[in-house]
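Structure first, commentary second.
The values are calculated or read from the model by the stated rules, or taken from the named source; none is laboratory data. The model shown is predicted, which means the values in this text are computed figures rather than measured ones. Ideal geometry is used to build each Cβ from the backbone, glycine not excepted, and the neighbour counts take in all protein chains shown. Remember, those area values only see protein heavy atoms, side chains included, never the ligands or the DNA or RNA. Shrake-Rupley method; radii C 1.70, N 1.55, O 1.52, S 1.80 Å.
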Amino acid sequence: MRRRALAALLLLLAAGAAQAEPRHGLSAFGDLKYPPDFRHFDYVNPNAPKGGELRGWQLDGFDNLNPLILKGVMARNLGLSFQSLMVRAMDEPDAVYADLARSADLAPDRSSVTFQINERARWHDGSPVTADDVVFTVEATKKDGHPLYQLILRDVDSVTADGPRRVTFRFAETESRRDLPLIVATLPILPKAWFKGRDFASPTIEPITGSGPYRIARVDAGRSIVFQRVTDWWAKDLPVHRGRYNFAQIREDYYRDRDIAAEAFFAGEYDYREEVIARVWATGYKGKPAFDQGRIKREVLKDETPSGVQAWFLNSRKPHLSDPRVRQALNLAYDYEWANKTLFYGLYKRTRSMFENSDLAATGLPSDAELKLLEPFRTQVPPQVFAQEFQPPRTDGSGNNRANLKQAQALLLQAGWRIENGKLVDAQGKPFELEFMLYEPSFQRIINPFARNLERIGITVSIRVVDISAFENRMRSFDFDIMSRRFVQPLTPGVEQRNYWTSRAAETVGSFNFSGVRDPAVDDLVEHIVSASSRDELRAATRALDRVLMWGWYVIPHWYSGTVKLGYWDRFVRPAVKPTYDVGLVDTWWIDPEKDKALNLPRQR
């Protein structure tokens, strides 16, 4: 009996020793670059001067200032006004450090995490940020928030205020515990008091009281938004913020047309552009006086983040797009090599992975670790998953895509379509009709050559240009045949992959499973990503998932560059070190008064 009692006591002591200690940061796999006493991030100048106005631009418009809901079109950069319990370090793949929270107590099995809110944390109206605000934000988001957040937060069993400034999250017994502490730590926190008498789920153009480095000072609905720096911001000297947010004011103007926005830039109406249109980068600068005179600079910066999933998404929910042979045929009809040479000035590389520009992308044949994950689904996934490296169809770039079109037509015939009077029709004689949905008319120049190839194999093509609100609504309800979209993959993929690829997400309005992927193998591999306990396990799971998705032909992959192409008026200074996973312009650069004065740019009202 004494031995048993002693053993029980030792177990109890061991459990006590294993209890969490307050941490200044969290990461998915436990590794942190910065120690508890760090003074600032390595990629900032802690003594950067403050002042001046940064003027940016966005495409289209907005009618909502709540960052956590589905309805409406959300304004960009709302993170400038709201804080989270912890904030990401942009030189680490998955680390977050204390912001609203002074510390986090993480259970050894990650079943719960308790945050101690900084006693100095204040909303912009001077009232304290409390545990009740955190509880309200999470519960309101789970009930009425964006489906993306609802899906991610579904495994938060409870969130409770253990005191005015102490809040505890408890998580369900699931494999997603690796990511959940970081997800709740980085959720924007909104003030409970502001929403009294207001509907959380309804769009608002009235600025919500924030706690971040900037307050929303002025809103011209759909046209512009002005963020004013909070000079007495309570968090300005926290290690995660020292040397950041150096502009006194940030103004974002919204343009309906990219070409008009470009002309406004060269006229000095705003300060910087990340160029995503090859034509503008290749031909749009030379000959402009400000560029030729050296007043506008161009720079190519290394992009060390996954390039994101950019593609034409094929809606497999639609009967005429449900057969993978049909989707492969559409891929064969796209002549990327000709487009890159003729339309993109040779500036891009072809996307061939859902995790492009990272070591998470599948290459070569499956490794032993990948095969272990894939083997249970050998009879359910395409055989190429095991036998071939995925590569999109290729051409010689001459514009003569005859061989691929012939192969495409053969696949369509195998799938039960037939040619009748030059048109592709089904067994009932209904023509194969494909509608491209877009909200940018400029993209038609890229679609038109593709459409001509599709018409050569008998497909009737139409292009529907809608406004951004209609586009968002149709996208959310999956009311489209084919559309172009891009979303960013995180450096450490996890629970968000459920929103991108799973069967449940395919039926969830507002999810990012645009193609309607419903595959048991995909569902299983996503869970292996969520539960990976090391980088090696994560890499094997993402690569296995990548193979199944790409060989399912759910998308027609676009292109990427692996760089950030930046044009800007020469009025800035920046730190010596660029953040590894960000440009850093908005939150780490600052204005040189002498350069600014010499430019004599027009100032906004």
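Scan region 561-579 residue by residue and report those that are more than 19 Å from GLU269 (Cα to Cα) and either touching a helix residue (DSSP H, G or I) at 6+ places or on another chain (Cβ under 7 Å) or open to solvent by less than 40 Å² (accessible area, probe 1.4 Å) (or both).
SER561, GLY562, VAL564, LYS565, ARG574, PRO575, PRO579
Mind checking which residues of region 131-147 are surrounded by fewer than 20 Cβ atoms within 10 Å (Cβ to Cβ) and within 26 Å of the chain's Cα centre (by Cα)?
Of everything in region 131-147, those that are surrounded by fewer than 20 Cβ atoms within 10 Å (Cβ to Cβ) and within 26 Å of the chain's Cα centre (by Cα) turn out to be VAL135, GLU139, ALA140, LYS142, LYS143, ASP144, PRO147.
Looking only at residues that are over 36 Å from the mean Cα position of the chain (by Cα) and under 15 Å from ALA451 (Cα atoms) in region 406-435, which one is least open to solvent (accessible area, probe 1.4 Å)?
LEU424
Please name all residue pairs, on different chains or six or more residues apart, with Cβ atoms under 8 Å, provided the first residue is in region 365-392 and is on the phi < 0 side of the Ramachandran plot and the second residue is polar (S, T, N, Q).
LEU365/GLN388; GLU389/THR363; PHE390/SER353; PHE390/GLN384; PRO392/ASN331; PRO392/THR351
Checking TYR214 against (1) among the hydroxyl-bearing types (Ser, Thr, Tyr); (2) surrounded by fewer than 20 Cβ atoms within 10 Å (Cβ to Cβ); (3) within 23 Å of the chain's Cα centre (by Cα); (4) over 18 Å from PHE115 (Cβ atoms), only one condition comes out false. Which one?
In the conditions (1) among the hydroxyl-bearing types (Ser, Thr, Tyr); (2) surrounded by fewer than 20 Cβ atoms within 10 Å (Cβ to Cβ); (3) within 23 Å of the chain's Cα centre (by Cα); (4) over 18 Å from PHE115 (Cβ atoms), TYR214 misses (2) alone.
State which residue is nearest to PRO67 (Cα to Cα) when the search covers only region 183-199 and only residues that are open to solvent by 10 Å² or more (accessible area, probe 1.4 Å) and in a loop (DSSP other than H, G, I, E, B).
Among those residues, the one meeting the criterion is PRO188.
Quick one: ARG170 ticks every box in (1) in contact with a strand residue (DSSP E or B) (Cβ under 9 Å, 6 or more places away or on another chain); (2) buried (at least 21 other Cβ atoms within 10 Å of the Cβ) bar one, so which box is it?
In the conditions (1) in contact with a strand residue (DSSP E or B) (Cβ under 9 Å, 6 or more places away or on another chain); (2) buried (at least 21 other Cβ atoms within 10 Å of the Cβ), ARG170 misses (2) alone.
A quick yes/no check of all residues on (1) aliphatic (A, V, I, L, M); (2) assigned to a loop (DSSP other than H, G, I, E, B); (3) at pLDDT 95 or above:
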site: ALA369; (1), (2), (3): yes, no, yes
site: LEU374; (1), (2), (3): yes, no, yes
site: THR379; (1), (2), (3): no, yes, yes
site: VAL385; (1), (2), (3): yes, no, yes
site: ASN453; (1), (2), (3): no, no, yes
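Mind listing just one residue for me: the one in region 297-319 that is assigned to a strand (DSSP E or B), open to solvent by 50 Å² or more (accessible area, probe 1.4 Å) and not β-branched (Val, Ile, Thr) and, of those, modelled with the lowest pLDDT?
My answer is LYS302.
Give me the strands (runs of 3 or more DSSP E) completely within region 221-292, filtered to those with at least 3 residues that are under 23 Å from the mean Cα position of the chain (by Cα) and under 30 Å from VAL96 (Cα atoms), ordered by residue number.
249-255, 272-274
Just give me the residues in region 269-291 being buried (at least 19 other Cβ atoms within 10 Å of the Cβ), of a type in the set (Asp, Glu) and closer than 16 Å to ARG258 by Cβ, in sequence order.
Within region 269-291, GLU275 is the sole residue that qualifies.
Which of the residues that make up region 43-69 are aliphatic (A, V, I, L, M), within 30 Å of LYS33 (Cβ to Cβ) and crowded, with 20+ Cβ neighbours inside 10 Å?
VAL44, LEU54, LEU68
Output the qualifying pairs, or none if there are none: Cβ atoms under 6 angstrom, residues six or more apart or on different chains, first residue in region 306-322 and over 17 Å from GLU507 (Cβ atoms), second residue open to solvent by 20 Å² or more (accessible area, probe 1.4 Å) and of a type in the set (Gly, Ala, Ser).
PRO306/SER358; TRP312/SER484
Can you list residue pairs whose Cβ atoms sit under 7 Å apart, with the first residue in region 417-432 being within 18 Å of ILE482 (Cβ to Cβ) and the second being assigned to a strand (DSSP E or B) and open to solvent by 30 Å² or more (accessible area, probe 1.4 Å)? Count only pairs 6 or more apart in sequence or on different chains.
LEU424/PRO431; PRO431/LYS423; PRO431/THR460; PHE432/THR460
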